[in-house]
Amino acid sequence: MPASAPAPAASRTRALASRAWRGTKRLILYGALALVALAALYLLAAYHFSYSSGERAGYVQKFSKKGWLCKTWEGELAMANLPGAMPEKFAFTLHDDKVAAEINKAMGQRVTLSYEQKVGLPSCFGDTSYWVTQVRPIEPAK
């Protein structure tokens, strides 16, 4: 009879280990879900709120659609304050195809770009943190 005595203790140990493993799996699952939810909330907040906004004027000198998976419009605005001076370059990102068509139509003309600066987003959202929201051609002075 002494041989059967350790069997209930071994089965109790297995039951406790099984229960502990189930609890650990739940903790890992809930922890992973919480991390995904926090990351989603962070991206949502960073996407909808802008750090700064403003306007820049100049000539669009480079404009193309780039990206491996996430295609965005990327461009460069040459801003020259004085004729003959070295222009400062303003790199920007664009997500709206309608505004991209307006920029393509206004290439070679002086334009004003309205932008919002988005900080803390991954590179899939664009190469720069400056997102153009509107373009307006500047009429030449007569």
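The values are calculated or read from the model by the stated rules, or taken from the named source; none is laboratory data. Quantities reported herein were computed from a predicted structural model and do not represent experimental measurements. When we count neighbours, we look across all protein chains shown, and the Cβ atoms used for this are built from the backbone with ideal geometry, even at glycine.
General remarks:
- Single residue of PHE125, PHE92 found to be buried (at least 16 other Cβ atoms within 10 Å of the Cβ) and over 13 Å from LYS62 (Cβ atoms): PHE125
- Being farther than 30 Å from LEU43 by Cα, surrounded by fewer than 15 Cβ atoms within 10 Å (Cβ to Cβ) and outside the structural domain of LEU41 (by TED's automatic domain parsing) is a property that does not hold for LYS71.
- Filtered by the rule that a residue be surrounded by 12 or more Cβ atoms within 10 Å (Cβ to Cβ), in contact with a Gly (Cβ under 9 Å, 6 or more places away or on another chain) and of a type in the set (Ser, Thr, Tyr), the range 53-68 gives a lone residue, TYR59.
- Verdict on PHE49 being surrounded by 13 or more Cβ atoms within 10 Å (Cβ to Cβ) and of a type outside the set (D, E, K, R): no
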